[in-house]
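The values are calculated or read from the model by the stated rules, or taken from the named source; none is laboratory data. All values reported here derive from a predicted model rather than from experimental measurement. Using ideal geometry, Cβ is built from the backbone for each residue, glycine included, and neighbour counts are taken over all protein chains shown.
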Amino acid sequence: MALIRNSKLRPRILIVGGGSVGLLAAQHLLKNLGRGEATVTVVDPNPYMTYQPFLPEVAGGNIEPRHAVVPLRRNLKGAEVITGAVTRIDHAAKFVVVEPEGDEPFELDYDQIVLAAGSVARTLPIPGVAEEAIGLKRIEEAVALRDHVLNRIGEASLMENDEQRRRALTFVFVGGGFAGIEALAELEDLARSAVGQYETLTEADLRFVLVEAMGRVMPEVGEAQARWVVDHLRERGIDVYLETFLQDCTDKHCKLSNGEEFDADTIVWSAGVKANPVLVDSDLPIDERGRVTVRADLRVEGEEGVVDGAWAAGDNAAVPDLSGGGVGGFCVPNAQHAVRQAPVLAANLLAALRGETEFQQYFHKTIGSVAGLGPYKGVSQMGNFEARGLLAWLMHRGYHGYAIPTVDRKARVFGNWALNLVFGRDSMPLKDLDVPRKAFVEAAHSKPAPKKEPAKA
Ligand SMILES: Cc1cc2nc3c(=O)[nH]c(=O)nc-3n(C[C@H](O)[C@H](O)[C@H](O)COP(=O)(O)OP(=O)(O)OC[C@H]3O[C@@H](n4cnc5c(N)ncnc54)[C@H](O)[C@@H]3O)c2cc1C
């Protein structure tokens, strides 16, 4: 396996993951590093950072997919950006293995490593989930969900078999956290507006189901807000099952712990996240939830003390919550923390590079939560201030429109929303994105036109 050494004879800062933490930490480093002081290398399987809080709006057709991702190369001028997945981390020998898609893996050495690989869906060993369900962590999933829901509606409009049609129009969401509720609400809104375009369908043909194991939804907001959300969803005709588990969904036949059984062509899994599993095979200290253990200054720390040259933040790290508000004493995995941890991490890393021994402690008291539930509907909680409906929706859009990185993306998102206000959302599904050569192959195999004898004079 080839080893790519840092040829520039200056320390390499290797950032694993170009998401919320990775992009912002790299930008901060590039801005503050002296000339020739260090090389910043960012490795990510995608050439873009995904602004995940917008995935539900992308799925709901309110934001164009490309507007919800931030290109890494364009926004990290001066950094080395490598499109590939880190598959192994050997911190003792200070190298990682990088696997570019469809190419040979190679080793990459480093002096300082920043672990910013985020999280992945936390699934349970429920029969059928791995085979039939889809998550909502990536832009591709949001696009596929939007097209899938719209295509199922289109196909159902021509179905004469009641059972088949019911299955096509049943959409199940597992997990009533922020992400799951937002995705459910956005897609239900999209589906309701889409059925209006078909004479053979009515809104009553749609069935949306939420399955939540706890007795409430959205742990991020207070009890009263959470109860309001459940009432609101039920008023929209959504079946909300609390204290209920999905037990099986083999062949898309769902069995719930309350005894209900039904077929559903769409099963969305959004029941929490776990730290990126790439850390499990590394020699870095991780906790029982697979997160790298760090101090409040974001230096990695194991049982034997601080691990030299290793830093971590965001969803893949167990960052102590000094405000006292976190779950189990740690910051909850959200963008609010990730974007604030990134500059602290970068500043401390720079200080360490320069031989300083004083580091900033990460401290952030959560400012609250805002969630969109489809156009003009939302819920939010900022300390004791609670908002519902239009005001909360405006707060959600205002906050996230401002929070998505880069002026370019902010302008595109706000522009998109403004156009939607005039023309309505674009509820046109694209077909065959997973088989783009289909039409060409069919054309290549189609019968030639019969040869005709030239007409006699
Ligand atoms: C649907 C949804 C809605 C959300 N809504 C909100 C919200 O409203 N408010 C809020 O505060 N938070 C929200 N979050 C959570 C928030 O997006 C995350 O907490 C935040 O993105 C974490 O930042 P991160 O940098 O740790 O991880 P990420 O932003 O996920 O970045 C991790 C990066 O690592 C890359 N990566 C993965 N594997 C590898 C590998 N092997 N090698 C190299 N790179 C790798 C990934 O491609 C990704 O770019 C939401 C999340 C989701 C999924």
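Laid out as a table, the results:
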| quantity | calculated |
| --- | --- |
| Which listed residue, of Val422, Val413, is exposed (fewer than 10 other Cβ atoms within 10 Å of the Cβ), within 30 Å of Leu190 (Cα to Cα) and not assigned by TED's automatic domain parsing to the domain that holds Leu145 | Val422 |
| Residue within segment 157-164 that is modelled with pLDDT of 95 or more and either small (Gly, Ala, Ser) or within 16 Å of the ligand (Cβ to nearest atom) (or both) present | yes |
| Positions within segment 65-85 being away from the ligand (no atom under 14 Å from the Cβ) and more than 15 Å from Gly18 (Cβ to Cβ), in sequence order | Arg66, His67 |
| Extreme residue, farthest from the ligand (Cβ to nearest atom), among residues of segment 301-340 that are among the hydrophobic types (A, V, I, L, M, F, W, C) and surrounded by fewer than 21 Cβ atoms within 10 Å (Cβ to Cβ) | Val306 |
| Residue in segment 191-203 that is at negative phi, outside any strand (DSSP E or B) and within 16 Å of the ligand (Cβ to nearest atom) present | no |
| Pair list, Cβ < 7 Å and 6+ apart or interchain, from segment 319-342 residues that are farther than 22 Å from Ala121 by Cα to residues that are among the aliphatic types (A, V, I, L, M) and away from the ligand (no atom under 14 Å from the Cβ) | Pro320/Ala296; Leu322/Ala296 |
| Test result for Ile286, surrounded by 14 or more Cβ atoms within 10 Å (Cβ to Cβ) and either basic (Lys, Arg) or within 15 Å of the ligand (Cβ to nearest atom) (or both) | yes |
| All strands (runs of 3 or more DSSP E) inside segment 359-428 with 2 or more residues being touching a Lys or Arg at 6+ places or on another chain (Cβ under 9 Å) | 369-372, 378-382 |
| Test: residue in segment 55-64 that is in contact (Cβ under 8 Å) with a residue 24 or more places away in the chain, acidic (Asp, Glu) and either assigned to a strand (DSSP E or B) or within 13 Å of the ligand (Cβ to nearest atom) (or both) | yes |
| Among the candidates Arg165, Arg88, residue that is charged (D, E, K, R) and surrounded by 16 or more Cβ atoms within 10 Å (Cβ to Cβ) | Arg165 |
| Unique match (being in contact (Cβ under 8 Å) with a residue 40 or more places away in the chain, small (Gly, Ala, Ser) and within 18 Å of Ile181 (Cα to Cα)) among Ala387, Ala371, Ala392, Ala403 | Ala371 |
| Single condition Leu242 does not satisfy, out of (1) under 20 Å from Thr123 (Cα atoms); (2) buried (at least 17 other Cβ atoms within 10 Å of the Cβ) | (2) |
| Count - residues of segment 105-150 that are farther than 28 Å from Thr244 by Cα and surrounded by fewer than 18 Cβ atoms within 10 Å (Cβ to Cβ) | 6 |
| Residue within segment 5-21 that is surrounded by fewer than 24 Cβ atoms within 10 Å (Cβ to Cβ) and within 13 Å of the ligand (Cβ to nearest atom) present | no |
| Answer residue from segment 33-60, given it is within 15 Å of Leu72 (Cβ to Cβ) and hydroxyl-bearing (Ser, Thr, Tyr) and is surrounded by the most Cβ atoms within 10 Å (Cβ to Cβ) among those | Tyr51 |
| Within segment 385-409, considering residues that are touching a Phe, Trp or Tyr at 6+ places or on another chain (Cβ under 7 Å) and under 17 Å from Ala226 (Cα atoms), the one surrounded by the most Cβ atoms within 10 Å (Cβ to Cβ) | Trp393 |
| Of residues in segment 356-368 being of a type in the set (Val, Ile, Thr) and without any contact (Cβ under 8 Å) to a residue 40 or more places away in the chain, the one farthest from the ligand (Cβ to nearest atom) | Thr357 |
| Residue ID - nearest to Trp311 (Cα to Cα), chosen from residues in segment 86-145 that are within 10 Å of the ligand (Cβ to nearest atom) and in a loop (DSSP other than H, G, I, E, B) | Ala116 |
| Odd one out for Leu345 among (1) assigned by TED's automatic domain parsing to the domain that holds Ala185; (2) buried (at least 21 other Cβ atoms within 10 Å of the Cβ) | (1) |
| Tally, over segment 250-282, of residues that are assigned to a loop (DSSP other than H, G, I, E, B) and touching an Asp or Glu at 6+ places or on another chain (Cβ under 6 Å) | 0 |
